[in-house]
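Working notes, structure below.
The values are calculated or read from the model by the stated rules, or taken from the named source; none is laboratory data. The structure presented is a predicted model; accordingly, all values stated were derived computationally and were not measured. Glycine also receives a Cβ, built like all others from the backbone with ideal geometry; neighbour counts cover every protein chain displayed. Calculation scope for accessible area: heavy atoms of the full protein, side chains included, ligands and nucleic acids excluded. Shrake-Rupley method; radii C 1.70, N 1.55, O 1.52, S 1.80 Å.
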Amino acid sequence: MRMLRAESPRPLDDIGEIVTVHHHSNVTDDTPPPLSHPALSDAGQLDYSGRLSSAVYTSVYDTFQALMNAEMLLHESDRLAITVHVDRPVTLDDGFEGLKCCFLSVLEWVHSIPEFVRLDVDNKNRLIQSCWCDLCTLQFAAHNRQASSALILANGLSFQYNQIEDLAFQEIVDRTLNEVTSWLERMTINKVEMAHIKALLLFNSEASILSPDSRALIQHYQDQIMLSLDSYLQHQYPFLPLRISQISMHIGSIKLVSLVWQKYAKMKKLNICGTILSGLSRP
């Protein structure tokens, strides 16, 4: 398959502006946009009419709005973060401290998404356990997209690449930059696309130990997210029909780098997810 070169996105850096354009560009509450793939009907079955019923369109649009609202809250939190540059050697332990801080940010983000909040506690925890490191890997990659020299962790620790002391952390940084950050930059992934990628990582219907009913519900959420992303991309990149497939394909690279973090955490006998969730559940 020939890969298309992604065009630079329109200069809409503010999420609010992107939401406004998406909503008002030939789209009204009464006239849902045509989709290039089957849409979900009210009963959750596939509807090959190529258009969404008004009820499902509202739910897909609500999904889009919910993701944008959650992303704006996270963006505001990131703007207030303090960055501290250090001159000492940087180790894998520093990386894990940044990972812990990132996980707290992830927890704040997931709890701002209504579809996640509606789930019961057990299924919330199962989803978090299945994707928390993927989301942190993506956030680390995204934060260092434009880092020409300095790298930054979620706890604000800033350092130069040549300050990395051990090979384990160097492997994580190298793979993050080469396998995730590189395609984020190459495809010029914007904030709207980033929000959908994160939501697809979160609502993983293949997460272990989900009940059949919960798995079906999470699959429905995942379908809504894909419909929302597809509708947005048709508006933003009408001449790049393969963009959604390219984005989906690259999500696997996030999971592969996440496994490297988890490998070294296991070697150090760290259970970051379990420890933090356990601490938060205490009265």
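Could you sort the peptides 179-185, 210-216 by per-residue average Cβ neighbour count (10 Å cutoff), highest mean leading?
Values: 179-185: 18.9, 210-216: 13.6.
Listed from highest to lowest mean packing, they are 179-185, 210-216.
For the pair Val117 and Ile209, label points projected 7 Å from Cα toward Cβ lie 2.6 nm apart.
Taking the protein heavy atoms of region 91-208 in the context of the full set of protein chains, the accessible area attributed to carbon and sulfur is 48 percent at 1.4 Å. Region 157-204 and region 235-274 have their alpha-carbon centroids 9 Å apart.
Give me the net charge of Asp120's neighbourhood, meaning all other residues with Cβ under 15 Å from the Cβ of Asp120; Lys, Arg count +1, Asp, Glu -1.
+1
In what order, largest first, do Phe239, Phe169 sit by accessible area if the probe radius is 1.4 Å? Let's see the in-between values first.
Numbers: Phe239 165, Phe169 0 Å².
Result of the area sort, largest leading: Phe239, Phe169.
If you count only protein heavy atoms with a 1.4 Å probe, what accessible area per residue comes out for region 128-219, rounded to a whole Å²? Write out the running numbers ahead of the final one.
Numbers: 3620 Å² over 92 residues.
Per-residue accessible area for region 128-219 comes out at 39 Å².
Taking the mean number of other Cβ atoms within 10 Å as a proxy for protection, how do you rank 195-203, 94-102 from highest to lowest?
Values: 195-203: 24.3, 94-102: 20.2.
Highest-to-lowest ranking by the protection proxy: 195-203, 94-102.
Applied to region 272-278, the Karplus parametrisation 6.51 cos²θ - 1.76 cosθ + 1.60 on θ = phi - 60° returns per-residue 3J(HN,Hα) values of 4, 5, x, 5, 5, 5, 5 Hz, with x for Gly and Pro. Among 65-73, 270-278, the peptide with the highest mean count of other Cβ atoms within 10 Å heads the list, and the full ranking is 65-73, 270-278. Around Leu201, with a cut-off of 9 angstrom between Cβ atoms, what is the net charge of the other residues, counting Lys and Arg +1 and Asp and Glu -1? Counting the neighbours of Leu201, the net charge comes to +1.
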